[in-house]
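Working notes, beginning with the structure itself.
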Amino acid sequence: MAQFTPSEFRVFNIYIIIKWISKCIIHSFFTKVNIMNEERMPLYGPVIFVGNHNNQFIDACLMIHAINRQISFLTAEKSMKRNVIGHFAKLAGCIPVKRPQDLKYRGLGNIIFENTRVKGVNTRFLIDINVGDKITIDSVASQVVEIISETELILDSPLNINCTDMIKGMSFKILPKVNQTEVYDKTTTSLINGNAIAIFPEGGSHDRSTLLPLKPGVVLMAIYALMAGAEDVVIVPVGLGYSNTHNLQSNATLCYGDAITVSKEDCEEFQKDRRSVISRILAHVEKGLKSCIVTAPNHEIKEWINLCASLYPPERSVISNNKVNNLKQLVSKIFWAYTDSKETKELIEELKIYKEGLLKCNLHDDEVWLLKQSLHSATIMLFEHIIRLIYNVIMGLSFSPLWFPLHLISKILADRHRTMVMTTSSVKIEGGDVIASYKVIVLLVLLPLFNAFYGLVFGFFKYGDIKSMFMTMTVAISILPILYYINMRYVKNIPMLLRQLRIVPIIIMGRINVWRETEREIITLRAELQLLVRQFVYTMGPKVSENFLSELNSNFPKILVDSDTKRLLRNKDEWMPIFSRSYIENREEIL
């Protein structure tokens, strides 16, 4: 029987509680959680889980929820010092890491730089800077390799920025070199004992549609552990993705990549040539991460990639999450390679028109098929959705007067925090990665306080004595979160039901007045776009790689797609609205 020290047993027990809290957070915040390629997750032995970092603390919650092992996160020391998150991180056995960006400070004086030589104006380089530190100006950094005097030093590479003032110089900041020996010692011990650790090698969280440059620490941890006696250390990429995180109906996806093995031969080569080994293994890690997520040049292009992936398969096909993810990655390769091509720009223009039509009808792409229903089917759907809506309103809003103030306060504070973070970050675009995380932090604090207040008020007016007030407060703290959770599971369905209820009036108007057949226009637009997207993929895909079509057909059999294409061509005339109207049709309509 395994023996635990008192501290290990305490951390193990607390981790069970934290895992339960993480599950509650994930299921409360997300309508659906997709976990792909679970068979790739090693259940035993030393493992380093490597994830992209698109959602500050939610990323960690999702990994704790999905990974069926106790994992120790490498967490920024700055986060470990925060009141709420810091306490949970310590109890969960997280390993604190000092980050240079958290220790950044303003350098004395100004600097004038040309190539790798830097001259100071009123500087104290010998006191202010050490060899190995980095000088940074406007997010551009370079490492100091030699300090000649108080006013002169040498960098390892030129600062890729023009010096705007060659007389007075420019202000600069210093990123100190941090000794991470203690961190490597802790990770080595953990891996030797066969444990699992998790790290986000991009450094900080961000809301970009691409990966930030990866830090080499993950490779060093694996190599140091092997050199110290650990066996079979593997690095497992974990792709984390989110959709519509600002809305109630948001989804989360976690995808495991192929494990990357660090061998004894790598350790031997590392002792001869550190740089080449680190670069090679880090390139494998980056490739593994990119195979788990969908990247794009920007968020707008990513939106078109998702829409193309939705339009390519036959309508209403039941497709596994793995195949959808693979299709998005294949389409992403085309957009990365040919973003500025004529064919891509023409497709994007058509996609924009279609998106405007969807917004006009307040529909999602996968709901367009509902417009093809007969009046009889639409009427049945209307009554069904009304019943479901009433049920979800009762089950979802019964305790809304109690939890809605919490929702409103968390939203306001999260927006304020996002604004504050944007002033200090150079990698965030809109700061969307901190909103959900900060809402969770606020709710973890306010939820018990508000529930205690509700219980206290109820006990005061219902009973009046101290003992009863204490009892009602205890019951409120224990029971109300469960009732809120039940509410949230139902309230998430309300926007979808309201949106689909609008379909019936659209269908009815199309039957009564053929001049207003907007549903036929959106149906035709979709059919035309399906044909256009397939032609685009078949034409541009082989230009990206020789095996593009074979990868595509392994996910979506060509015979099925071709059969659906023929069906669309046959039905094209049936659903084609009159885009070019006659002289009489172009006159003003009078009813």
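Just so you know, all these numbers are worked out from the coordinates, no wet-lab data involved. Since we're looking at a predicted model, the values are computed, not measured. Positions of Cβ are generated from backbone atoms using ideal geometry, with glycine treated the same way; all protein chains shown enter the neighbour counts.
So here's what we get for this one:
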item: Across Lys186/Lys439; Lys287/Lys345; Lys333/Lys558, pairs whose alpha-carbon gap is larger than 22 Å; result: Lys186/Lys439; Lys287/Lys345
item: Derived scalar couplings ³J(HN,Hα) [the stretch 455-468; Karplus, 6.51 cos²θ - 1.76 cosθ + 1.60; whole Hz; x for Gly, Pro]; result: x, 5, 5, 4, x, 5, 7, 7, 10, x, 8, 4, 4, 5
item: Cysteines (scope the chain) whose Cβ has no counterpart Cys Cβ under 4.7 Å; result: Cys24, Cys61, Cys94, Cys163, Cys267, Cys308, Cys361
item: In nm, spacing of pseudo-spin labels at Val445 and Leu91 (7 Å Cα→C-beta vector); result: 1.7
item: Length gained when the stretch Gln373-Ser400 is fully extended (0.36 nm per residue, less Cα-Cα span); result: 6.2 nm
item: Global geometry of the stretch 104-177, whether rounded, prolate or oblate, following the gyration tensor of its Cα atoms and the 1.5 cut on a/c; result: rounded
item: Pair Lys168, Met420: separation of 7 Å Cα→Cβ label points (nm); result: 3.2
item: Three-way shape call for the stretch 114-227 based on the alpha-carbon gyration tensor, with the a/c threshold at 1.5; result: prolate
item: Relative contact order of the stretch 393-509, pairs being alpha-carbon contacts under 8 Å that are 6 or more residues apart, as %; result: 31
item: For the chain, calculated [θ]222 nm from helices alone, where every DSSP H run of n ≥ 4 adds -39500 (n - 2.57); result: -18000 deg cm²/dmol
item: R0 of 22 Å, Cβ-Cβ distance Glu77-Tyr105: FRET efficiency to nearest 0.05; result: 0.90
item: In Hz, Karplus ³J(HN,Hα) per residue of the stretch 206-215 (6.51, -1.76, 1.60; θ = phi - 60°; x = Gly, Pro); result: 7, 10, 7, 8, 10, 7, 7, x, 7, 7
item: Förster-model FRET efficiency, 51 Å R0, Glu384 and Glu286, C-beta, rounded to 0.05; result: 0.60
item: Exposure proxy ranking, count of Cβ atoms within 10 Å, fewest first, for Phe125, Phe450, Phe458; result: Phe458, Phe450, Phe125
item: Distance (nanometres) between label positions extended 7 Å along Cα→Cβ at His364 and Lys23; result: 2.5
item: Amide H partners (placed H, <5 Å) of Phe49, local residues excluded; result: Ile197, Ala198, Ile199, Val236
item: Whole-number Å³ per residue for the convex hull built on Cα positions in the chain; result: 249
item: The stretch 41-83: proportion of alpha-carbon pairs further apart than 11 angstrom, %; result: 72
item: Stretchable slack from Gln70 to Leu569, in nm (0.36 nm times residue separation minus alpha-carbon distance); result: 174.3 nm
item: Shape category assigned to the stretch 149-292 from the gyration tensor of Cα positions, a/c cut at 1.5; result: oblate
